[in-house]
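What follows is one structure encoded as structure tokens, with my remarks underneath.
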Amino acid sequence: MKVVFERPKSLQPTKTHYCPGCGHGVIHRLVAEVMDELGIQDKTIGVAPVGCAVLAYNYFDCDMQQAAHGRAPAVATGIKRALPDRVVFTYQGDGDLAAIGTAEIVHAAARGENITVIFVNNAIYGMTGGQMAPTTLVGQKTETSPYGRDPQMAGYPIRVCEMLATLDGPSFLARAELTDVKNINKAKSYIKKAFEMQLSGKGFSLVEILSPCPTNWGMKPKDAVDWVKNEMVKVFPPGVFKEPKEG
Amino acid sequence: MEKVLMKGNEALAEAAIRAGCKCFFGYPITPQSELPAYLAREMPKRGGVFLQAESEVAAINMVYGAAGAGVRVMTSSSSPGISLKQEGISYLCGAELPCVIVNIMRGGPGLGDIQPAQSDYFQATRGGGHGDYRTIVLAPSSVQELVDLVYDAFDLADMYRNPVLILGDGILGQMMEPVVFKERPARQLPPKDWATTGKMGRQKTNVINSLYLDPVKLEEHNLKLFKKYQEIEAKEQRYEILNGDDAEYFVVAYGICARIAHAAVEMAREDGIKVGLIRPITLWPYPKKAFEEVLPKAKAFLTVELSLGQMVEDVKLSVEGRAPVYFYGRTGGMVPTAEEIFEEIKKMRGLS
């Protein structure tokens, strides 16, 4: 029988702890497929965050380090500076990257650190049970914004790609939505581009992926995907924010 | 071997390069600034990495990444900056990563001042971050010893897969003394087969981690660390006893304070007081052996520190009530004179 679909080599043959309908499983797979296609599994070191993806070191079949909350870009910097011919990526959520780790991500980007960042934005803290994130939408109800995020009290969501695009350091910044086949393929093409940037030494690359969290949003999986499509993309428009000029 | 005149901070930096330090990550703070400046100049010329981080927090996490990748790595700072690194130090200990962390102590608490102090003793020896862990703490008292201990620090870190702190102070970092960089035979150290270098043909993935969600597993891990700490306590206590042979009284002091205390001991000797000096070189493990050595003949101990009494607790824990323990300290960047300490030695004799 012809094999038409199989587990990427760069993923461990194990179950994940992710909830039904969560985007992390798909995003792990996209990153692993890209590692396979680029033939970099053996020379890649990944950095896992604190948050829902904390156990990513059990899921990727490559060397991994687990970082303190928000510090993944600093840890990745240490690895890359020590071993500049290896491929280094971080895998971070919105609380990790855009709240407690804001300084680390901004300065890794400003230095043009030659690493790749996979940034999963689901507008909420998942692992701790659904608290308000730096990317929580105005009016969105969470455990710590039970009446909806009130800008008078809690300010506004941070647009990471747009913010980092003001810097000279990054080579590639893009945002995709995990909503349908077309957009999932687009997310994968961005991830591939981001790793290619690192392989050709062009410096910091980041792909932000808008991802559903049905459990903490209190929605059915399909409704969660629709919420990404209908609500999140209004605040976080998908697209490429920075890429090298042709020629 | 050529003798050169060097500032403590610069000598430390040079020794680190010679000890095989490949990466340095740091953040500017007084009074250790000459150290990163030296490495910023020398590392690129000698095949190493110097990177100024955006914060102390980032710097210690860069250390984590590079240590996990298997290279010799160092960071340096001074008291307030070391406080910021505590989260990272806890993770480094949990993940068992070797590295060298330099603290050129200044006065605290808070922003304090930029004058020499020894008030980070508790933080260094009790583990300033969260969790059940220990760091090896080395306390040099001269620029030469600072240099020698840098080599030992890297070796101890690799041998035990544990961070090593070098605890200096503003005087030691800033003063110039003649120093010799001795060639040292490479020590036999365990291979870093745990490092995340990329699999590079390896079957199994290497993972650097301090998370053990199952309490059974975390207890096992902590007990494994504890066993390592017990081994370090048994094997690595270091100290020096000066004027100890016929001594009835002992001053206990470390770092730059021990230099001043030694002058006071010499003054007391001229005055006919039989006093010696115990100078701990490792602050953790604390050199309890030194006390066992002198306790049969010791009538009393006087601990002198640039703090209001931190190491004195370890002195009491070592003496265990077998002799009186007195204390004298200055704080906030003030440094006692030998005369001041001499007066305290006389008081000790009068009291016991």
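The table for this structure:
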item	result
Unique residue being among the aliphatic types (A, V, I, L, M), buried (at least 24 other Cβ atoms within 10 Å of the Cβ), away from chain A (no Cβ under 14 Å) and touching a residue at least 12 places away in the same chain (Cβ under 8 Å) when the list is B:ALA139, B:ALA66, B:ALA58	B:ALA139
Selection from the stretch B:293-308 of residues that are closer than 27 Å to B:PRO116 by Cβ and surrounded by fewer than 16 Cβ atoms within 10 Å (Cβ to Cβ)	B:LEU308
Output for the stretch B:72-102, where each listed residue is facing another protein chain (nearest Cβ under 8 Å) and surrounded by 24 or more Cβ atoms within 10 Å (Cβ to Cβ)	B:VAL73, B:GLY88, B:TYR91
Single match in B:ARG134, B:ARG126, B:ARG187, B:ARG161 (criterion: farther than 17 Å from B:SER76 by Cα, in the same structural domain as B:LEU218 (by TED's automatic domain parsing), of a type in the set (Lys, Arg) and touching a strand residue (DSSP E or B) at 6+ places or on another chain (Cβ under 7 Å))	B:ARG134
Criterion: part of a loop (DSSP other than H, G, I, E, B) and under 23 Å from A:ALA67 (Cβ atoms) - qualifying residue of B:VAL100, B:VAL71	B:VAL71
Count of the stretch A:194-209 residues which are assigned to a helix (DSSP H, G or I) and surrounded by fewer than 19 Cβ atoms within 10 Å (Cβ to Cβ)	2
Yes/no for B:ASN9 being surrounded by 24 or more Cβ atoms within 10 Å (Cβ to Cβ) and at the interface with chain A (Cβ under 10 Å from one of its Cβ atoms)	no
Pairs, first touching a residue at least 60 places away in the same chain (Cβ under 8 Å) in the stretch A:222-247, second part of a helix (DSSP H, G or I), C-beta under 6 Å, six or more apart	A:ALA224/A:PRO214; A:ALA224/A:TRP217; A:PHE241/A:CYS161
Count of the stretch B:244-285 residues which are within 19 Å of B:LEU167 (Cβ to Cβ) and basic (Lys, Arg)	2
Test result for A:GLY239, farther than 19 Å from A:VAL34 by Cα and more than 19 Å from the chain's Cα centre (by Cα)	no
Residue in the stretch B:179-212 that is farthest from the chain's Cα centre (by Cα), counting only those that are charged (D, E, K, R) and over 22 Å from B:GLY94 (Cα atoms)	B:ARG202
Selection status of A:ALA109, modelled with pLDDT of 95 or more, surrounded by fewer than 24 Cβ atoms within 10 Å (Cβ to Cβ), in contact with a Pro (Cβ under 7 Å, 6 or more places away or on another chain) and more than 9 Å from chain B (Cβ to nearest Cβ)	no
All positions within the stretch A:123-142 that are touching a Cys at 6+ places or on another chain (Cβ under 9 Å) and surrounded by fewer than 22 Cβ atoms within 10 Å (Cβ to Cβ)	A:MET127, A:GLY130
Index of the failed condition, A:VAL120 passing every other in (1) more than 19 Å from A:LEU178 (Cα to Cα); (2) surrounded by 22 or more Cβ atoms within 10 Å (Cβ to Cβ)	(1)
Search result, residues across the stretch B:22-55 that are surrounded by fewer than 24 Cβ atoms within 10 Å (Cβ to Cβ), under 15 Å from B:VAL102 (Cα atoms) and within 14 Å of chain A (Cβ to nearest Cβ)	B:TYR27
Positions within the stretch A:57-79 being more than 7 Å from every other protein chain (Cβ to nearest Cβ) and surrounded by 24 or more Cβ atoms within 10 Å (Cβ to Cβ), in sequence order	A:TYR59, A:PHE60, A:GLY70, A:ALA72, A:PRO73
Cross-chain or 6+ apart pairs with Cβ under 8 Å, the stretch B:205-216 first and farther than 14 Å from B:LEU97 by Cα and free of Cβ contacts under 8 Å to residues at least 60 places away in the same chain, then assigned to a loop (DSSP other than H, G, I, E, B) and of a type in the set (D, E, K, R)	B:THR205/A:ASP61; B:THR205/B:LYS199
When residues of the stretch B:160-196 are limited to those that are surrounded by 20 or more Cβ atoms within 10 Å (Cβ to Cβ) and part of a strand (DSSP E or B), the one modelled with the lowest pLDDT	B:ASP169
Residue in the stretch B:268-280 that is surrounded by fewer than 22 Cβ atoms within 10 Å (Cβ to Cβ), out of contact with any Cys (no Cβ under 7 Å at 6 or more places or on another chain), under 30 Å from B:PRO80 (Cα atoms) and modelled with pLDDT of 95 or more present	no
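The values are calculated or read from the model by the stated rules, or taken from the named source; none is laboratory data. Owing to the predicted nature of the structure, the values given are computational and were not obtained by experimental measurement. With ideal geometry, Cβ positions are generated from the backbone for all residues, glycine too; neighbour counts draw on all protein chains shown.
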